[in-house]
Amino acid sequence: MEDAGAAAAQPPPPPPAHPAVVPLAFLLGKWRGEGEGSFPTIAPFRYGEELLFSHHPSKPVISYTQRTWKAASGEPMHAESGYWRPRPDGSVEVVISQSTGLAEVQKGSYDAEKKTVTLQSELVGNASKVKQITRAFQVVDGDLSYVVQMATITTGLQQHLKALLKKI
């Protein structure tokens, strides 16, 4: 005889994703891992990170939150949040606000088959030194990796951050 209590404890399956979000469904979920950062004007550093890509099935948008901490001490570092809006033509529009007060409007493209997203800043607001930011995400063998490049008023576009995250 089946245990009715055990059957009742099973959570219902998640509702299907909004059709506009389906091509980026490979990003959905919580990801955690480690990364490293560098730039000519700062000392290299290592960090832990957690990303959350979520959405409500009635909305054609993905909510995004990110937080990092110092790898050695666990002390909080950076945080940001925003929204990703995939478009039917394979483009994606992203708005991100950072805990530093910087705001990004990015546009780019995605490839659902290759599980990649490439973003380029259209606007970097409230930033006296940062002039350009690019972000490239890819899921390979179930792991999410990304590279963030940055340009400032004194330094050309170059790698700033890279990380490898696992779904949790």
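Points to keep in mind about this one:
- Between residue 63 and residue 114, the modelled label-to-label distance comes to 3.1 nm, taking each label 7 Å out from Cα in the direction of the beta carbon.
- Qualifying aspartates and glutamates (Cα of each under 15 Å from Cα of residue 115; at least 8 residues distant if same chain): 141, 143
- Residue order for 31, 69 - accessible surface, 1.4 angstrom probe, largest first: 69, 31
- Pairwise Cα separations in the chain fall into 5 Å bins from 0 onward with the following percentages, short to long: 2, 8, 15, 20, 20, 14, 9, 5, 3, 2, 1, 1, 0, 0, 0.
- Label zone at residue 39 (point 7 Å along Cα-to-Cβ), backbone N below 15 Å, region 92-113: 98-104
- With protein chains left intact and a 1.4 Å probe, residues in the chain average 57 Å² of accessible area per residue.
- Note on region 1-116: with neighbouring protein chains present and a 1.4 Å probe, carbon and sulfur make up 59 percent of its accessible heavy-atom surface.
- Magnitude of the charge dipole, region 1-157, Cβ model with Lys/Arg +1 and Asp/Glu -1, debye to 20: 520 debye
- One Cα centroid belongs to region 47-93, the other to region 98-168; the line between them spans 11 Å.
- Computed log10 I(q)/I(0) for region 19-107 at 0.21 Å⁻¹: -1.06, from the Debye equation with unit scatterers placed on every C-alpha and solvent omitted.
The values are calculated or read from the model by the stated rules, or taken from the named source; none is laboratory data. Quantities reported herein were computed from a predicted structural model and do not represent experimental measurements. Cβ coordinates were reconstructed from backbone atoms using ideal geometry, including for glycine residues, and neighbour counts include every protein chain displayed. For the accessible areas, the whole protein counts, side chains as well, though only heavy atoms, and no ligand, DNA or RNA atoms are used. Shrake-Rupley method; radii C 1.70, N 1.55, O 1.52, S 1.80 Å.
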